[in-house]
Amino acid sequence: MTARGQPRQGGTINSCDLMHEDGVWHLWLTLDCPVIQRRHGAASCAFDWGSETVLTLAVKTADADADETVANPRWFQTARDRLGDLARSVNRKTRGSNRRRKATKTLAREKRRVANRRKDWQHKTLAAVIARFGVIAAETLSIQTLTRSAAGTVEEPGSNVKQKSGLNREILDTAPAQFYSMVRHKAADAGSLFLEAPTRALKPSQRCPCCWSVGKKALGERTHTCSGCGHTAPRDFTSARVVLRWAHDTLTSTGQDLSEAA
Ligand SMILES: [Zn+2]
């Protein structure tokens with residue numbers, strides 16, 4: 001039997017479980033670790049997660065603040081076209097016919113393939129993001145976050161917008177819980193801190209990251225313009241900035257100094 005992987009941090013083994021699942025054996029070792037080393041320095045980020053731009057990042061390093069986005073992966077367009085074609089092909093065929101059954105099977109297989117690519121892509125993308133930051137923050141996964149994502153922010157004009165935004169979700173983010181659990185695990189493994197901001201109390205999409213005042217925005221309003229201080233910025237970046245500032249305030253108020261994490 002061969003074992004793969006290696007612990008990211010040393011420790012004393014305190015329990016061991018052997019599991020058999022779907023023909024594969026898993027060996028789980030639980031280690032008692034000394035204090036987890038935060039390896040990724042004092043840089044921090046907050047992300048906003050959506051179906052138009054997958055990740056919008058507000059980044060803070062020792063030198064500067066920056067905004068970044070993680071674009072849709074390259075396979076995304078192909079997957080969207082193909083899923084659209086296959087769905088139409090099912091719809092063209094007579095209900096109950098063999099041809100329709102066959103087309104439905106093909107569509108289901110393609111959906112599984114896309115789900116696997118998404119998972120793989122999320123793993124890689126998150127690993128790359130988390131490796132850069134000692135602190136990562138995001139709005140906690142709530143009904144509000146989900147419905148906002150489901151309401152869509154697709155800006156492509158013209159026909160099929162609704163259909164396309166549905167497909168976007170299907171391809172990139174139908175598994176929000178899976179995505180968040182991935183962030184939690186990867187951050188813990190990397191010794192980075194993952195902080196989840198309370199959406200209802202913080203109101204990141206309505207709050208101004210500069211003066212902290214709250215103003216309502218319509219769903220379609222893509223720009224934040226503060227009536228209090230005049231600050232203007234794209235909406236997604238604004239909410240990520242609010243979450244980032246909340247994370248820093250939270251750390252400061254609990255006496256955790258970010259610079260010590262370096
Ligand atoms: Zn303001």
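Protection proxy ranking, highest mean first, for peptides 134-141, 205-212, 216-223: 134-141, 205-212, 216-223, where packing is the per-residue count of other beta-carbon atoms within 10 Å, averaged. As a calculated quantity, the FRET efficiency between Ser97 and His20 at R0 = 41 Å, using C-beta atoms, amounts to about 0.45.
Within the same chain, lysines fewer than 8 places from Lys186 are excluded, and of the rest, those with a Cα less than 19 Å from its Cα are Lys119, Lys124.
For Ala43, the residues whose amide H sits under 5 Å from its own are Gly134, ignoring neighbours fewer than 5 places away on the same chain, with H placed 1.01 Å from N. Karplus-based coupling profile of segment 123-131, in residue order and whole Hz: 4, 5, 4, 5, 4, 5, 5, 5, 5, with θ = phi - 60° in 6.51 cos²θ - 1.76 cosθ + 1.60 and x standing for Gly or Pro. Can you list residues from other chains, or at least 5 along the same chain, whose modelled amide H is less than 5 Å from the amide H of His231? The list, which skips near neighbours in sequence, is Cys226. When you count the other C-beta atoms within 10 angstrom of each residue and take the mean per peptide, 120-127, 192-199 line up highest first as 192-199, 120-127.
Listed by chain and number, the lysines placed with their C-alpha closer than 30 angstrom to that of Lys216 are Lys60, Lys162, Lys164, Lys203; residues fewer than eight positions away on the same chain are left out.
Derived scalar couplings between HN and Hα for segment 225-230 equal 10, 7, 6, x, 10, x Hz in order, rounded to whole Hz, by the Karplus curve 6.51 cos²θ - 1.76 cosθ + 1.60 (θ = phi - 60°), x for Gly and Pro. Close amide-amide hydrogen proximity is noted between Leu193 and Val135, Ile136, each under 5 Å apart and 5 or more residues distant or on a separate chain (H modeled in the peptide plane; Pro and chain starts excluded).
Each reported figure results from applying straightforward, stated rules to the coordinates on display, with no laboratory input. Treat the numbers as computed from the prediction; the structure is a model and nothing was measured. Here Cβ is always computed from backbone atoms with ideal geometry, including for glycine, and neighbour counts include all displayed protein chains.
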